[in-house]
1. What ranking, highest mean first, results for peptides 151-159, 135-143 when packing means the other Cβ atoms within 10 Å averaged over each residue?
2. Considering all projection directions equally, how large on average is the shadow of the alpha-carbon convex hull of segment 70-121, in square nanometres?
3. Across 5 Å bins from 0, what is the distribution of all Cα-Cα pair distances for segment 12-156, in whole percents?
4. Relative to the present Cα-Cα distance, how much length would full extension add between Ser157 and Glu105 at 0.36 nm per residue of separation?
5. Using a/c under 1.5 as the rounded threshold, could you call segment 78-154 rounded, prolate or oblate? The axes a ≥ b ≥ c are square roots of the C-alpha gyration tensor eigenvalues, and prolate needs a/b larger than b/c, oblate otherwise.
6. So what is the 222 nm mean residue ellipticity for the chain from helices alone, if each DSSP H run of at least 4 adds -39500 (n - 2.57) and you divide by all residues, rounding to the nearest 500 deg cm²/dmol?
7. What FRET efficiency comes out for the pair Glu87/Ala23, r = Cβ-Cβ distance, R0 = 25 Å, nearest 0.05?
8. Report, in whole Å, the centroid distance computed from the Cα atoms of segment 97-115 and segment 1-80.
Amino acid sequence: MRPSLTQVSSVGVPKPVADATHAALFAAGRRGLEGMALWAGTQDGTAFHVREAIVPQQKGIRSDHGLAVMVDAPELQRINLHLYQAELRLLAQIHSHPTHAFHSEMDDEYAITTALGSFSIVVPDFAVDPFSIARCATYRLSPRPWWKPGSRPYWASVSARAAASMITILKD
Ligand SMILES: [Zn+2]
């Protein structure tokens, strides 16, 4: 049985992966849309090695309720097949917001990463600034504490400091 993502306490992200992620979000932002990328890789106990950024076929949506980015079911199936064949697992989804970085109700409800312990990272300001974990809002799908009603996991906020110490962009 493969280890649970909840065990992961350090994440290494090669710089080209961070760059590709940032470029995709920045390009969407230039068009006034939110952008989304996924990080996939391999787990070695408490360490997770991100191997690739997956930029799904996506639809940026502009409505009276604001912006959102959607990935349809066939594309998710295609990504799952790719992950299976490449023996990679999904660790994180990264998406941009026009201004503030936070997890909206939509983000909670329609997250692509659904494994306990996976991450959701929200990049502010349409990714105009260089990519920096410390400037993002980071969440982690966590078991609900026993004193809270309901049994579904929830997206727990991870402090910027904790996120930046856990997730490292590898220079080379
Ligand atoms: Zn969002």
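Read-outs throughout are calculated quantities, based only on the coordinates presented, and are distinct from any laboratory measurement. As the structure is a prediction and not an experimental result, all values here were calculated from the model. We place every Cβ from the backbone using ideal geometry, glycine too, and count neighbours over all the protein chains shown.
1. 135-143, 151-159
2. Here the figure is 4.1 nm², rounded to one decimal.
3. 2, 10, 19, 23, 21, 15, 7, 3, 0
4. 17.4 nm
5. Since a/c reaches 1.5 but b/c is at least a/b, the shape of segment 78-154 is classed as oblate.
6. Per the formula, -7500 deg cm²/dmol.
7. 0.45
8. 12 Å
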